[in-house]
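The values are calculated or read from the model by the stated rules, or taken from the named source; none is laboratory data. On a predicted model such as this, the values are computed, not experimentally measured, just so you know. Note that we place each Cβ from the backbone using ideal geometry, even for glycine, and neighbour counts take in every protein chain shown. Surface areas here come from the heavy atoms of the whole protein model, side chains and all, with no ligands, DNA or RNA. Shrake-Rupley method; radii C 1.70, N 1.55, O 1.52, S 1.80 Å.
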Amino acid sequence: MECNAIKALKYRRALIDGAESLVITGSILWALQSVDETRSAKMIAWVGMSMFAAFAAGAPIGSFIFEKWSFFGITLATICMPVVALLLIQPVYSAVPPASVKRHGAATILKAVFLPGTGFALSGITFGAVTTFLTLLFSVKHWDHGAYAFALFASMLILTRIFCGHLPDRFGGAKVSLYCLIIQAAGLLLIATASSGWVAMAGAGISGAGFSLVFPGLGIEALKRAPLESRGITMGSYNAFLDVTLGFGSPALGFLAGTYGIESVFLASAITAVFSLFITIYLLTQNAVSPSPET
């Protein structure tokens, strides 16, 4: 009986994950269809920003709901939120692509996405580290306000995307990602070596600001290398690299935390951000030698 219940939960979780991935991809493509190509990165940044706004608000609100109504309250809230979202978007109609658009094979899309996606995947280890281990670090160290540290990470990400989301469109995705990855790695090193909660909180804010524009920056690098009419599947494939990272990276981070201490999680995340930096430098030099057309 217990085995059947576990299987049912796995199937439900797989269904939820699949739906979430299509919601994110569909939202990004919807946004891209609403603007011209010179504002693609800004649209990608703002769609992702809305997700992190939910994270920033969800951490303290979720803690409050759990304290008042336990898991029943959490379950009820997570059921109601998608219903509210559905009611909000129901009256809105998106642009429908023409039926005659040219279809491209998976190899073409993978070739366009592989390097930017790999760079984003290495940078995205930070996402798993912060969402899973940041509040745990505060708990292990007996520091206060662990939930607020995560909220600060998300808030800095949001603010950076609001005020600087246009930079990849203006200066190039690879160039902006280059500087952001340096900032991201510096923030993660600050968390890994923090001697107090306030220092770790500062590192969370710095790493959030750095991480903010890597996703849209490398995202438009993927779009530049893909056919224009395949932007939806390109962004879906690009997003999938983060899913792969979380699927394999999170257990690896858990192993590091159990073997070498929780600080090693953030040190490893900083190292993978540096690896992503090398990929971004290669993309930047590739752009300088032979810029790839979007068509």
Filter segment 238-295 for residues that are of a type in the set (S, T, N, Q) and at pLDDT 90 or above; the one that is surrounded by the fewest Cβ atoms within 10 Å (Cβ to Cβ) is T259
Could you please find all residues in segment 192-207 being open to solvent by less than 10 Å² (accessible area, probe 1.4 Å) and either among the basic types (K, R) or closer than 14 Å to T272 by Cβ (or both)?
S207
Pairs, first farther than 15 Å from S50 by Cα in segment 75-88, second open to solvent by 70 Å² or more (accessible area, probe 1.4 Å) and in a helix (DSSP H, G or I), C-beta under 9 Å, six or more apart
L76/W69; A77/I61; A77/W69
Any idea which of (1) within 26 Å of A106 (Cα to Cα); (2) in contact with a Pro (Cβ under 9 Å, 6 or more places away or on another chain) is the one T245 doesn't satisfy?
(2)
Taking V140 as the residue in question, decide whether it is more than 14 Å from the chain's Cα centre (by Cα), over 24 Å from F275 (Cβ atoms), modelled with pLDDT of 90 or more and of a type outside the set (D, E, K, R).
yes
Identify all residues within segment 213-233 that are within 14 Å of F114 (Cβ to Cβ) and out of contact with any His (no Cβ under 9 Å at 6 or more places or on another chain); write none if there are none.
L218, G219, E221, A222, L223, K224, R225
Among L134, L181, the single one that is in a helix (DSSP H, G or I) and closer than 18 Å to A41 by Cβ is L181
Only one of these is touching a Gly at 6+ places or on another chain (Cβ under 8 Å), open to solvent by less than 10 Å² (accessible area, probe 1.4 Å) and not small (G, A, S): L152, L188, L223. Name it.
L188
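Yes/no per residue for (1) outside any helix (DSSP H, G or I); (2) open to solvent by 30 Å² or more (accessible area, probe 1.4 Å); (3) not acidic (D, E):
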residue: R39; (1), (2), (3): no, yes, yes
residue: S50; (1), (2), (3): no, yes, yes
residue: A54; (1), (2), (3): no, yes, yes
residue: A57; (1), (2), (3): no, yes, yes
residue: I61; (1), (2), (3): no, yes, yes
residue: E67; (1), (2), (3): no, yes, no
residue: S70; (1), (2), (3): no, yes, yes
residue: G73; (1), (2), (3): no, no, yes
residue: T78; (1), (2), (3): no, yes, yes
Among G210, G165, G172, the single one that is at pLDDT 95 or above, buried (at least 21 other Cβ atoms within 10 Å of the Cβ) and under 26 Å from P116 (Cβ atoms) is G210
Could you tell me whether S123 is crowded, with 18+ Cβ neighbours inside 10 Å and modelled with pLDDT of 95 or more?
yes
